[in-house]
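Pasting in a structure now, in structure tokens, and then I'll have a few things to ask.
Values in this text are rule-based calculations from the coordinates and carry no lab data. On a predicted model such as this, the values are computed, not experimentally measured, just so you know. Please note: Cβ atoms are built from the backbone with ideal geometry, for glycine as well, and neighbour counts cover all protein chains shown.
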Amino acid sequence: MNKELMLALDLLEKEKQISRDVLFEAIENSLITACKNHFGKSDNVKVEINKETCDFEVYAEKEVVEEVEDPVLQISLEDARKIKAKYKLGDIVKVDIKSKEFGRIAAQNARNVITQKIREEERSVVYNIYYEKEHDIVTGIVQRYIGNNISIDLGKADAILAESEQVKGENLRPTERVKVYIVEVKNTNKGPRILVSRTHPELVKRLFESEVAEIQDGTVEIKSIAREAGSRTKIAVWSNNPNVDAVGACVGMNGARVNAIVEELRGEKIDVINWDENPGNLIQNALSPAKIVNVFADPDERTAKVVVPDYQLSLAIGKEGQNARLAARLTGYKIDIKSETQAKDAYGFRLEDYLDDEEYDEYDEYEEGEYEDAPAEEEEDI
């Protein structure tokens, strides 16, 4: 039993996660390479390894001939019968090769073959580990800035957080732990190249999946998500169980679940809304917190006209149009928002036709001045 080789293989298998079969193949190839360097040929060289004891045997298959012309491939009848008396002309003889007799260069080349194979397999193992995690989130440690890119240590490999995948205004410091979304894993000659993101909408989705048990077990589904990284995200959820409130499950007790995600995203605001198969209701939910008078949705054209009270126009559109823009992405509809006054002029629309007197009086109580801090856009097409 070759205990020394067995211990070495056990160590490599545990530390590098390289299978024994691959290591045995590397040893076999290295011995064949050494024979080729030593004898000039290796076509007739065979290697047999006992995978249980790690004992190995190297031999050359030679043809028994009367007159030897190529000593590497042939053996005389006289020499063959010294090995075994029954050999005759034309037989194939197994001639043992002592690996200890190999020259220094042949031995060095054999070692290089094993080392190269181990490196290739190690890179392959790391690639497979992270390829399985592609389109998922992982926790890494910020290492250093490489130009405008950031190197993230994922444990067994480094990832690149490109400038385009960084949240504007987010300052990541070395040694800081951060969650990132694996966008792509490429296999290169220098090992796996892992590209990660902090801006991808799927990052928020995966964070909710890891934080909300109801999403993990399939009770609650994330139907759609729209994000402007670092500022705001809107996420539409649906419950497959009528007894489970989808929004409540995602928000958690006293907002614990959503606050944990907001904290990971460094204060990015998150609106969780109910998904609705009715496009009008969905658009109304998506434009929250603004109050909506009515929605005229065209499913064929994927467009919608939304009417809001005059005092809610700026809130519905949002700062620099963000609320309406995210609602459009979330629903997949091009949304045209008008105030009640604008709608009356454009469509002959009257608020009284859609609200009872009590509700209308409630809207009249608000004054436009209460929303002076909002932008003064009057109309927004998304």
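Once phi is turned into ³J(HN,Hα) by the Karplus curve 6.51 cos²θ - 1.76 cosθ + 1.60 with θ = phi - 60°, what whole-Hz value does each residue of the range 137-148 show in order, with x for glycine and proline?
Ordered by residue, 3J(HN,Hα) equals 9, 9, 9, x, 10, 5, 9, 7, 8, 10, x, 9 Hz.
What percent antiparallel are the DSSP beta bridges of the range 200-275, to the nearest 5?
55 percent
If I model a spin label as a point 7 Å beyond the Cα along the Cα-Cβ vector, how far apart are those points for residue 269 and residue 88 in nm?
9.7 nm
What does the extension gain come out to for residue 46 and residue 29, with contour length at 0.36 nm per residue minus their alpha carbon separation?
Extra length available between residue 46 and residue 29 comes to 5.1 nm.
For the range 26-77, what is the percent of antiparallel DSSP beta bridges, rounded to the nearest 5?
Just about 60 percent of them are antiparallel.
In whole Hz, what ³J(HN,Hα) sequence does the range 289-304 give by Karplus (6.51, -1.76, 1.60; θ = phi - 60°), x for Gly and Pro?
In residue order, the calculated couplings are x, 5, 7, 10, 7, 7, 10, 10, 9, 10, x, 5, 8, 6, 10, 8 Hz.
Would you kindly state how much longer the chain becomes between residue 153 and residue 7 on full extension, computed as 0.36 nm times their sequence separation minus their alpha carbon distance, in nm to one decimal? Don't skip to the answer; put the middle values down first.
On the way: separation 146, 0.36 × 146 = 52.56 nm, distance 3.03 nm.
Full-extension gain reported as 49.5 nm.
Lysines near residue 338 by alpha-carbon distance under 17 Å, same-chain residues fewer than 8 away left out - which ones?
Within the straight-line limit of under 17 Å, residue 338 reaches these lysines: 291, 305, 319.
Give the percent of DSSP beta bridges with both residues in the chain that are antiparallel, rounded to the nearest 5. Provide the component values of the computation, followed by the final result.
Details: 46 of 64 bridges.
Taking every DSSP beta bridge with both residues in the chain, the antiparallel ones total about 70 percent.
Report the full-extension gain for the segment residue 190 to residue 20: residue separation times 0.36 nm, less the Cα-Cα distance, to one decimal in nm.
Gain on extension, residue 190 to residue 20, equals 58.9 nm.
Here's something else I'd like to know. At what distance in nm do the modelled label points of residue 141 and residue 164 sit from each other, each positioned 7 Å from its Cα along Cα→Cβ?
About 3.0 nm separates the two model spin labels.
Follow-up. With θ set to phi - 60° and the Karplus curve 6.51 cos²θ - 1.76 cosθ + 1.60, what are the ³J(HN,Hα) couplings of the range 272-277 in order, to the nearest whole Hz, using x for Gly and Pro?
Ordered by residue, 3J(HN,Hα) equals 9, 10, 7, 6, 9, 5 Hz.
What's the magnitude of the charge dipole for the chain around its Cα centre, counting Lys and Arg as +1 and Asp and Glu as -1 at the beta-carbon? Answer in Debye, nearest 20. Walk me through the numbers on the way to the answer.
Numbers: 52 positive and 78 negative charges, 797 e Å.
Dipole magnitude for the chain comes out near 3820 debye.
Now, a different point. Note the direction-averaged projected area, equal to a quarter of the hull surface, for the Cα convex hull of the range 138-197, in nm².
4.0 nm²
Take the Cβ-Cβ distance between residue 256 and residue 216 as r, set R0 to 22 Å, and report the resulting FRET efficiency rounded to the nearest 0.05.
0.85
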